[in-house]
Amino acid sequence: MQDCISFVQNLQMSTYILGIESSCDDTSAAIIKDDTILANVIANQEIHHKYGGVVPELASRSHQQNIIPVIHSALQEAKINKKQLDAIAFTRGPGLLGSLLVGTSFAKAFALGLDIPLIEIDHLDAHILAHFAQKPGNRITTPKFPFLCLTVSGGHSQIVRVNDYFDMKILGQTIDDAAGEAFDKAAKIMGLPYPGGPIIDQLAVQGDPHKFSFPFPRIPQLNYSFSGLKTSFLYFLRDELKKDDDFIEKNKVDLAASVQYTIVETLMKKLVLASKETGIKEIAIAGGVSANSGLRNAIKDGEEKYGWKTYVPAFEFTTDNAAMIAITGLFKFQKGEFTDQKAAPYARSKFSIKNK
Ligand code: KG4
Ligand code: ZN
């Protein structure tokens with residue numbers, strides 16, 4: 001491990017960190033130089049498409065196959081040598097344990113071999129802190145603390161009050177399905193391939209969002225629920241298909257637009273409420289579903305409607321990626337917060353995000 005003197009010297013020079021993400025079905029490696037992402041390589045796992053969802057055993061095996069080539073490509077793209085790395089940041093959780101084990105084990109071995117610090121990262125913190133990652137030659141404005149972040153992915157839907165980089169509080173969250181799951185399940189019911197979220201988005205652009213209406217959940221406080229939408233969508237299509245075998249095909253774009261409208265409106269209602277209750281007008285979105293065009297437009301509209309200042313991530317920082325792990329790693333590196341070789345992955349969120 002580095003001694004104190006070399007650690008202080010490092011703080012004065014540029015810091016290079018390798019980020020590794022392997023929590024679900026994307027194997028990703030990124031290199032950051034200070035707060036600028038030099039490379040962000042992502043290997044998606046096509047293998048799951050034919051099963052209509054992520055198969056954990058297959059995901060960990062694919063991570064094993066992908067991890068070395070992905071890290072090699074990231075180093076090449078960043079044009080740096082592994083010996084220039086100052087630290088290795090990896091996703092410790094939450095996620096699929098078998099998948100996390102691949103990234104964790106590789107990060108530990110690599111850090112040990114290079115004799116540099118190891119930094120554990122919480123995947124959900126990282127989705128939020130992706131807003132602080134810069135791209136070369138194009139610096140963006142970053143959110144001011146405190147801000148609200150709507151984190152919406154395949155596994156989570158949360159409204160988080162972000163007081164500081166590692167001081168976050170969940171103000172509300174889903175009590176059942178996540179928003180990404182709602183998109184994916186609606187797509188599956190329509191016979192679309194996995195993951196259905198991006199396909200619904202593409203179809204929705206051409207459709208009428210008010211052609212069909214589905215009920216909005218009545219959930220107290222700032223929490224969400226998406227399981228009712230899935231059920232009502234399923235029963236609605238079952239009834240319509242009895243009358244017309246071709247109903248889905250004929251109404252594909254309107255169905256997609258109507259489902260997307262219901263999900264986005266549901267997300268927005270509670271976000272607006274959270275902003276009113278806290279008085280916070282710095283609003284960010286994060287996670288895979290923040291790639292959704294309907295949600296991105298609705299957030300942007302909030303600038304005029306509610307006087308918000310909004311932060312929408314670059315597309316490559318929305319779905320799972322290692323750039324968000326690397327930037328979060330940088331903040332931990334600056335605090336000198338390192339992890340020892342005993343660290344084991346965790347499946348459920350338990351670190352810096354805590355319930356109110
Ligand atoms: O953050 P992410 O890559 O993985 C998790 O941490 O879960 O999010 C994946 C989710 C999937 O449910 C996927 O369908 C959804 O994000 N997603 C979208 C879009 N792009 C990805 N949902 C709606 N519209 C999109 N454009
Ligand atoms: Zn994610």
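The values are calculated or read from the model by the stated rules, or taken from the named source; none is laboratory data. The model shown is predicted, which means the values in this text are computed figures rather than measured ones. All Cβ positions, even for glycine, are placed from backbone atoms using ideal geometry, and neighbour counts span all protein chains on display. SASA here: full protein model, heavy atoms, side chains in, ligands and nucleic acids out. Shrake-Rupley method; radii C 1.70, N 1.55, O 1.52, S 1.80 Å.
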> When the chain is fully extended, how far beyond the present Cα-Cα distance does residue 278 get from residue 297, taking 0.36 nm per residue of separation?
Replying inline: 4.6 nm
>> Let me check something: with ligands and nucleic acids excluded, how do 13, 324 order by accessible area (1.4 Å probe), largest to smallest?
In response: 13, 324
> Under a point spin-label approximation (7 Å from Cα along Cα-to-Cβ), what is the residue 141-residue 101 distance to one decimal in nm?
Replying inline: 4.7
> Label points 7 Å out from Cα along the Cβ direction at residue 112 and residue 175: separation in nm?
Replying inline: 4.6
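Shape verdict for segment 218-267, please, from the Cα gyration tensor: rounded (a/c under 1.5), prolate (a/b greater than b/c) or oblate.
Oblate is the answer for segment 218-267, as a/c is 1.5 or above yet b/c matches or exceeds a/b.
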> Magnitude of the Cβ-charge dipole of segment 51-93, K/R +1 and D/E -1, about the Cα centre, nearest 20 debye?
Replying inline: 140
> Once Rh is set to the Kirkwood radius over Cα pairs, what Stokes-Einstein translational diffusion coefficient, in µm²/s, holds for segment 147-313 at a temperature of 20 °C and a viscosity of 1.002 mPa s?
Replying inline: 133
> Is the shape of segment 79-137 rounded, prolate or oblate, going by the alpha carbon gyration tensor and its root eigenvalues a ≥ b ≥ c, with a/c under 1.5 for rounded and a/b larger than b/c for prolate?
Replying inline: oblate
> How far is it, in nm, from the label point at residue 240 to the one at residue 305 when both lie 7 Å from their Cα along the line to the Cβ?
Replying inline: 2.4
>> I need the calculated FRET efficiency for the pair residue 344 and residue 213, taking r as the beta carbon distance and R₀ as 51 Å, to the nearest 0.05.
In response: 0.60
> Over what distance in Å are the Cα centres of segment 45-116 and segment 313-334 separated?
Replying inline: 14
>> For the pairs 50/243; 252/300; 230/252; 50/269, flag any whose C-alpha to C-alpha distance is greater than 25 Å.
In response: 50/243; 252/300; 50/269
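Output the Kirkwood hydrodynamic radius of the chain, Cα pairs only, in Å rounded to one decimal.
21.0
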> Taking the chain as a Gaussian network, where each spring joins two C-alpha atoms under 10 Å apart, which residue of 47, 327, 17 fluctuates the most?
Replying inline: 47
>> On a 26 Å Cα-Cα criterion, which of the cross-link pairs 82/342; 144/335; 79/342; 33/335; 281/335 come out too long?
In response: 79/342; 281/335
> Which whole DSSP H helices in the chain pass both tests: a Cα extent of 24 Å or more along the axis and a mean Kyte-Doolittle value no lower than -1.0?
Replying inline: 56-78, 97-114, 227-243, 247-278
> Sorted from largest down, what three extents in whole angstroms do the Cα atoms of segment 219-356 have along their principal axes?
Replying inline: 64, 41, 31
>> Please give the charge dipole size of the chain, origin at the Cα centre, charges +1 on K and R Cβ atoms and -1 on D and E Cβ atoms. Round to the nearest 20 debye.
In response: 580
>> Just to verify a number: FRET efficiency for residue 73 and residue 132, C-beta to C-beta distance, R0 = 22 Å, to 0.05?
In response: 0.40
> What accessible area per residue comes out for the chain, rounded to a whole number of Å², with a 1.4 Å probe?
Replying inline: 45
